[in-house]
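J.: Handing you a structure now.
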Amino acid sequence: EAHWSFNEENAGGSSLFGDRNDSEHRVTVRAFADVIAEISGPIGLVKIDIEGAEYDLIRHTPLEVWQRINAFTIELHSDPSGEMTSSQACDRFRELGYSVEQDDALTHFCHR
């Protein structure tokens, strides 16, 4: 479980890393690898928009999970832990066999 911060002025910016003005809600969190494991066969496209938690997903998702995903879009915000930059994340995607295209300041399209 985790505390999810709901931002009433920008609902799309709500996240696990909110500020003190946000209302907090207790939520159940599932690992990306567990969600993917429930899907049979290859996966054509995944959208990852998790407001800062993407770096934990990148760090903790095993190689075999990425091998099942043909393409994904991902928003890369600043890493709340300060351990990884968006450039390092893109390098990781390339190591996993993806071509990386930057769509805008945050959004990247990764495909095989």
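J.: Can you pull out the residues in the range 44-66 that are more than 21 Å from His3 (Cα to Cα) and surrounded by 16 or more Cβ atoms within 10 Å (Cβ to Cβ)?
T.: The answer is Val46, Thr61, Val65, Trp66.
J.: Now, a different point. Within the range 2-43, take every residue that is in a loop (DSSP other than H, G, I, E, B), at pLDDT 70 or above and within 24 Å of Leu106 (Cα to Cα) and give me the one that is most open to solvent (accessible area, probe 1.4 Å).
T.: Checked the range 2-43; the qualifying residue most open to solvent (accessible area, probe 1.4 Å) is Glu9.
J.: Name the residues in the range 81-105 that are open to solvent by less than 70 Å² (accessible area, probe 1.4 Å), in contact with a strand residue (DSSP E or B) (Cβ under 9 Å, 6 or more places away or on another chain) and not hydrophobic (A, V, I, L, M, F, W, C), would you?
T.: Residues satisfying the conditions are Ser86, Tyr98, Ser99.
The values are calculated or read from the model by the stated rules, or taken from the named source; none is laboratory data. The shown structure was predicted, so the numbers you read here are calculated from the model rather than taken from an experiment. For neighbour counting, all protein chains shown are included, and Cβ atoms are generated from backbone atoms with ideal geometry for every residue, glycine included. Just so you know, the surface numbers come from the protein's heavy atoms only, side chains and all, with ligands and any DNA or RNA stripped out. Shrake-Rupley method; radii C 1.70, N 1.55, O 1.52, S 1.80 Å.
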